[in-house]
Amino acid sequence: MTDTPRDRDTDDTSKADIPAETEAPAHGGAPSRRALLGWGGAGLALGAAVAGGAVAMAGGGDDMDPAGAGTGGAVAFHGAHQAGIATPVQDRLHFAAFDVKTTDRAAFVQLLKDWTAAARRMTAGKAVGDGAYGGLAEAPPDDTGEALGLEPSRLTLTIGFGPSLFEKFDLGDRRPEALVDLPKFPGDNLEKSRTGGDLCVQACADDPQVAVHAIRNLARIGFGKVAVRWSQLGFGKTSSTTPGAQTPRNLFGFKDGTRNIAGTETDRLKKYVWAGEGDDPKWMEGGSYLVARRIRMNIEVWDRTALQEQEDVFGRDKGEGAPVGKAKEHDAPFLKAMKPDAHVRLAHPDANGGITILRRGYSFTDGTDGLGRLDAGLFFLAYQRDPRKGFIPLQRKLSASDALNEYIQHVGSAVFAIPPGVRDADDWWGRALFSEEA
Amino acid sequence: MRAVRLSVVTAVAGATALVAVTGCTEKSDAKGGDAIQVTAADSTCDTSAKSVPAGQVTLRIENKGSKATEVEILFPDDRIVSEKENIGPGTKYTLTAEVKAGAYEVACRPGMKGHGVRQKLTVTGGGKTAKRDPRLDKAVADYRAYAQEQADATLPAVKTFVKAVKDGDLAAAKKAYAPSRIGWERTEPVAESFGDIDPKVDTRADGLEEGQKWTGWHRLEKALWQDKKIGATEKTLAGQLVTDLTDWQQRVGKAEITPTSMANGAKELLDEVATGKVTGEEERYSHTDLVDFKANVEGAQKSYELLKPVAGKNDSALTAELDKQFAALDKLLDKYRPNKNSYDFTSYDKVGKDDRKELSDAVNALAEPLSKLASAVVK
């Protein structure tokens, strides 16, 4: 009772929302080797300062968020863009789609403010509200408590607004043109209970409990205003936004996202990911569009497939990840050397007029399917400036011809407008959409 | 009769308050309405009063020491009545607790460990909560009367059900089953507080302990709907149900009810809905879950309405939200009965997955703010 560690605030002053950039990272630690290499000739001392002071550096509106050299620290919540997109991909995901249950606009706006305040605290490694214990004995604690004693774990919380939200609260004329309903693609077998949603929150962290805690607490704050429609846990990143790092593998055992946009590629982010000046509407400036697809993999069938065919299907070799006829993963692919229906050949930007999306998906395994097979696959998350010029044309092509289709099935789908970042302690998720003057 | 008694209570409480005001220059002991000042330091724990009337006790704590401290009100056996941990140096905190008459200790634990520095605290009064807001006394009295009414009305309904079972009339027994449970479901937290009655009358097959004999409503439910036959055993069990529920009816008046237990009871009724009714587990043979569901919500609403005058004053945003969510859930439930005055609800096996989700969302929407009612009452 008396000897447990306390990491809850003790006095009232610390309950005030302090902008994340003024806080020391909860877990600095020694800079990783990669961080030192990444910062080039800056030298050990500067490298250490940068890695330890990541939180202090970010949040100033840079396109690049340098936090993430370690695994325990805090990623800045404030910034021109929401964190969790260009941020180096964390190890774990809890993604939730919500339905709006209230018709009261003021109540919904208040929820967005309450969520923002909670997200600000949780991403800094703090408990929600007045904490998980020590409050009135007669009331349930504000925070659910399972993240006590855990590090911030680079938690990012990213909110999105689905097309159906714009049918509510008289928002019809504010719906971005780019936020189209996704067409039905050949082979889609979408389950209603895994599709759509008025809102989404993507929680990514290096510790799964931190990600789950975040979604759980936001859902709890939301009761009466929103209800969880579906949610998905992801356990292994399948794409990386850190080019120096080893490219992760998907559950088919292949490297995925070799040519993904890196969090440091400011120009490519601006061109392909962020909604920018001139992209209507103005409230989306600095935002992005997210396509989420639950892609079930026929794991057992794939595992019985000959190596040659597996490699033909992808267009890369399994060990190194090199394109057909090349030696190294990052060698430029010669697409014509691949089978006409090879995944990489069809999906590569060079075969699609340069179409590029930022992939941030996770592997999932939701137990077994009752038939003794893994209910596993890829929870595909892609950020882009305009789905009409990103995911949709790409998936039209892939769904029609990709050799991989024999081994996968799209069973869940959603699209969201990702509003720009929360600028400071007075700002809140969706302010530009909901405030009259914007 | 009751109205007269209540007005007396009000007058007495008013007099106490007056005494408290005139006596507040005397620093010796706390009177009704006074808080006890607790000054904690690294090796001392000073309290401004050593005795206080039973009821709501308030400690105004100030930590003048150099370490974070913890302040507790303790039973003689060191069980905690109420506590506040982690009070930082130089900070203040107000701790409130509802305390009955008896001998207690106030403990300050500098550094939040060890035995700490203790002060005696005597809580006076005949076990009554003398200092409590008279409106809350009225709420408890009214709730007790409600619980009694429910029990009184349940017995005849149960007897109708039992007669049908004893007559071997399957159809009549099925018809009388769900109505016989309404009063019970409305006030279940009171019945559960007795401990021994609930297992006898309301246990489900999956809730049986090793060696426990299955008796009560759900045992009969299974006989009627699944086995579709009434034998000698069922007739005996039906008789036992009347005996056990008569015991309940006679004990309601002695139930320990406080404003906090009323508020928490309301939340528990919603918990019952969330874990048993929304899932269709409670009435797995008869599928009359929505009747129980409605009765649980009605019972919760009764507690809430009685506490609302006080809760609304302390937290009007909360009561506005609760009003809204009770209304929303009531409206939703009305979709499942043709007549608003009837308890003839749709059989739950006919309620699809999407509709169950909608009901579940509405229960969550109400239960979450309802979990804050107790703190709004004791504030």
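Scan region A:304-319 for residues that are surrounded by 14 or more Cβ atoms within 10 Å (Cβ to Cβ) and either of a type in the set (A, V, I, L, M) or closer than 19 Å to A:T238 by Cα (or both) and the total you get is 8.
Please tell me if A:G224 is touching a Pro at 6+ places or on another chain (Cβ under 9 Å), closer than 30 Å to A:D130 by Cβ and either within 14 Å of chain B (Cβ to nearest Cβ) or surrounded by fewer than 19 Cβ atoms within 10 Å (Cβ to Cβ) (or both). Yes, satisfied. On the basis of being of a type outside the set (S, T, N, Q), at pLDDT 85 or above, out of contact with any Cys (no Cβ under 7 Å at 6 or more places or on another chain) and more than 18 Å from B:T47 (Cα to Cα), does B:A130 make the cut? The answer is no for B:A130. Looking at A:T116, is it under 17 Å from A:Q202 (Cα atoms), surrounded by fewer than 23 Cβ atoms within 10 Å (Cβ to Cβ) and in contact with a strand residue (DSSP E or B) (Cβ under 8 Å, 6 or more places away or on another chain)? So A:T116 passes the test. Going by what's in this entry, would A:R293 be described as within 14 Å of another protein chain (Cβ to nearest Cβ), outside any loop (DSSP other than H, G, I, E, B) and either touching a residue at least 12 places away in the same chain (Cβ under 8 Å) or surrounded by 19 or more Cβ atoms within 10 Å (Cβ to Cβ) (or both)? Against the criterion (within 14 Å of another protein chain (Cβ to nearest Cβ), outside any loop (DSSP other than H, G, I, E, B) and either touching a residue at least 12 places away in the same chain (Cβ under 8 Å) or surrounded by 19 or more Cβ atoms within 10 Å (Cβ to Cβ) (or both)), A:R293 does not qualify.
Give region B:60-117 a look and list any residue that's facing chain A (nearest Cβ under 9 Å), more than 24 Å from B:K379 (Cβ to Cβ), among the charged types (D, E, K, R) and in contact with a strand residue (DSSP E or B) (Cβ under 6 Å, 6 or more places away or on another chain), or say none. Within region B:60-117, just B:R109 meets the criteria. Of all the listed residues (B:G312, B:G299), the sole one being surrounded by 16 or more Cβ atoms within 10 Å (Cβ to Cβ), away from chain A (no Cβ under 14 Å), more than 30 Å from B:K175 (Cβ to Cβ) and within 21 Å of the chain's Cα centre (by Cα) is B:G312. Contact map, region A:222-244: residues that are aromatic (F, W, Y) paired with residues that are part of a helix (DSSP H, G or I), Cβ distance under 6 Å, separation 6+ or inter-chain. Pairs shown: A:F223/B:N364; A:F223/B:A365; A:F223/B:E368; A:W230/A:S193; A:W230/A:R194.
Conditions (1) aromatic (F, W, Y); (2) in contact with a helix residue (DSSP H, G or I) (Cβ under 6 Å, 6 or more places away or on another chain); (3) surrounded by fewer than 16 Cβ atoms within 10 Å (Cβ to Cβ), marked per residue:
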{"site": "B:T91", "(1), (2), (3)": "no, no, no"}
{"site": "B:A103", "(1), (2), (3)": "no, no, yes"}
{"site": "B:P110", "(1), (2), (3)": "no, no, no"}
{"site": "B:T124", "(1), (2), (3)": "no, no, yes"}
{"site": "B:A139", "(1), (2), (3)": "no, yes, no"}
{"site": "B:A145", "(1), (2), (3)": "no, no, yes"}
{"site": "B:T154", "(1), (2), (3)": "no, yes, no"}
{"site": "B:V158", "(1), (2), (3)": "no, yes, no"}
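Would you mind stating whether B:K340 is without any contact (Cβ under 8 Å) to a residue 60 or more places away in the chain and away from chain A (no Cβ under 14 Å)? Criteria met by B:K340. Of the residues in region B:281-294, not one is surrounded by fewer than 21 Cβ atoms within 10 Å (Cβ to Cβ), outside any loop (DSSP other than H, G, I, E, B) and either in contact (Cβ under 8 Å) with a residue 40 or more places away in the chain or not charged (D, E, K, R) (or both). Candidates are the residues of region A:375-392 that are touching a Gly at 6+ places or on another chain (Cβ under 8 Å) and under 25 Å from A:N298 (Cα atoms); the one that is surrounded by the fewest Cβ atoms within 10 Å (Cβ to Cβ) is A:D375.
Does A:D341 qualify as being farther than 30 Å from A:D173 by Cα and at pLDDT below 95? Considered against the rule, which asks whether it is farther than 30 Å from A:D173 by Cα and at pLDDT below 95, A:D341 comes out as no. Considering only region A:315-327, I want to know if a residue exists there that is in contact with an Asp or Glu (Cβ under 9 Å, 6 or more places away or on another chain), within 21 Å of A:P393 (Cα to Cα) and modelled with pLDDT of 95 or more. For region A:315-327, residues in contact with an Asp or Glu (Cβ under 9 Å, 6 or more places away or on another chain), within 21 Å of A:P393 (Cα to Cα) and modelled with pLDDT of 95 or more: absent.
Residues in region A:141-167 that are surrounded by 15 or more Cβ atoms within 10 Å (Cβ to Cβ), part of a loop (DSSP other than H, G, I, E, B) and not polar (S, T, N, Q): A:P141, A:D142, A:D143, A:G145, A:A147, A:L148, A:L150, A:E151, A:P152, A:R154, A:L155, A:G162. Filtering region B:320-337 to residues that are within 14 Å of chain A (Cβ to nearest Cβ), of a type outside the set (D, E, K, R) and either assigned to a loop (DSSP other than H, G, I, E, B) or under 17 Å from B:A374 (Cβ atoms) (or both) leaves B:L322, B:Q325, B:F326. Evaluation of B:D34 against the conditions (1) more than 10 Å from chain A (Cβ to nearest Cβ); (2) within 18 Å of B:K379 (Cβ to Cβ); (3) at pLDDT below 90; (4) assigned to a strand (DSSP E or B) shows that the sole unmet condition is (4).
Scanning region B:259-277 finds no residues that are outside any helix (DSSP H, G or I) and either under 16 Å from B:E188 (Cβ atoms) or small (G, A, S) (or both). The set of residues in region B:169-197 that are of a type in the set (S, T, Y), closer than 18 Å to B:Q249 by Cβ, part of a helix (DSSP H, G or I) and modelled with pLDDT of 95 or more contains only B:S180. Within region B:343-370, the only residue that satisfies the criterion of being within 13 Å of chain A (Cβ to nearest Cβ), in contact (Cβ under 8 Å) with a residue 60 or more places away in the chain and among the charged types (D, E, K, R) is B:R356.
Pairs meeting the criteria (first residue in region B:200-222 and surrounded by 14 or more Cβ atoms within 10 Å (Cβ to Cβ), second residue among the polar types (S, T, N, Q) and modelled with pLDDT under 95, beta carbons under 6 Å, at least 6 apart or on different chains) are B:G216/B:T203.
Would a scan of region A:105-113 turn up a residue that is over 25 Å from the mean Cα position of the chain (by Cα), among the small types (G, A, S), within 14 Å of chain B (Cβ to nearest Cβ) and surrounded by fewer than 21 Cβ atoms within 10 Å (Cβ to Cβ)?
Looking for residues that are over 25 Å from the mean Cα position of the chain (by Cα), among the small types (G, A, S), within 14 Å of chain B (Cβ to nearest Cβ) and surrounded by fewer than 21 Cβ atoms within 10 Å (Cβ to Cβ), one finds at least one in region A:105-113, hence yes.
For the condition without any contact (Cβ under 8 Å) to a residue 40 or more places away in the chain, closer than 25 Å to B:D169 by Cβ and in contact with a Lys or Arg (Cβ under 7 Å, 6 or more places away or on another chain), B:A238 does not qualify. Please verify whether B:Q240 is surrounded by fewer than 20 Cβ atoms within 10 Å (Cβ to Cβ), at negative phi, part of a helix (DSSP H, G or I) and in the same structural domain as B:Y146 (by TED's automatic domain parsing), treating the condition exactly as stated. So B:Q240 passes the test. State whether one or more residues within region A:183-200 are crowded, with 20+ Cβ neighbours inside 10 Å, away from every other protein chain (no Cβ under 14 Å) and assigned to a helix (DSSP H, G or I). Looking for residues that are crowded, with 20+ Cβ neighbours inside 10 Å, away from every other protein chain (no Cβ under 14 Å) and assigned to a helix (DSSP H, G or I), one finds none in region A:183-200, hence no.
Let's see how each residue does on (1) closer than 17 Å to B:G216 by Cα; (2) in the same structural domain as B:I61 (by TED's automatic domain parsing); (3) modelled with pLDDT of 90 or more:
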| position | (1), (2), (3) |
| --- | --- |
| B:G114 | no, yes, no |
| B:L155 | yes, no, yes |
| B:V158 | yes, no, yes |
| B:D167 | no, no, yes |
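The values are calculated or read from the model by the stated rules, or taken from the named source; none is laboratory data. What you are looking at is a predicted structure, and each value in this text was computed from that prediction instead of being measured. Heads up, the Cβs are rebuilt from the backbone with ideal geometry, glycines too, and the neighbour counts pull from every protein chain shown.
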